[in-house]
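One structure is given below, encoded as structure tokens.
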Amino acid sequence: PLDYWKSNAARFPVLALIARKYLGIPASSAASERFFSQGALIMSKLRNRLNKSTFEKISCLKSW
């Protein structure tokens, strides 16, 4: 995709800038891994009966 936008930058200058900005970001799974690790800490053997909304609220509070 970056090669396409590099060769067509003259035709679509604004889109080429946006593509270069967002397509050049390397993929990472760190955020999702951190979220699931946090979820495992919240949902333990002692807290296995939390309902979905309570779990979501605790997750939001911990991430802020």
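The values are calculated or read from the model by the stated rules, or taken from the named source; none is laboratory data. Source: prediction; values computed, not measured. All Cβ positions, even for glycine, are placed from backbone atoms using ideal geometry, and neighbour counts span all protein chains on display. For accessibility, only protein heavy atoms count, side chains too; no ligands or nucleic acids. Shrake-Rupley method; radii C 1.70, N 1.55, O 1.52, S 1.80 Å.
Please name all residue pairs, on different chains or six or more residues apart, with Cβ atoms under 9 Å, provided the first residue is in the stretch 25-47 and is free of Cβ contacts under 8 Å to residues at least 60 places away in the same chain and the second residue is among the hydroxyl-bearing types (Ser, Thr, Tyr) and open to solvent by less than 70 Å² (accessible area, probe 1.4 Å). Pairs that qualify, where the first residue is free of Cβ contacts under 8 Å to residues at least 60 places away in the same chain and the partner is among the hydroxyl-bearing types (Ser, Thr, Tyr) and open to solvent by less than 70 Å² (accessible area, probe 1.4 Å), are 35/59; 38/59; 39/59; 42/59.
Scanning the stretch 1-46 for residues that are open to solvent by less than 70 Å² (accessible area, probe 1.4 Å) and in contact with a Pro (Cβ under 9 Å, 6 or more places away or on another chain) yields a single hit, 19. The lone criterion from (1) surrounded by 10 or more Cβ atoms within 10 Å (Cβ to Cβ); (2) charged (D, E, K, R); (3) without any contact (Cβ under 8 Å) to a residue 24 or more places away in the chain left unmet by residue 62 is number (3).
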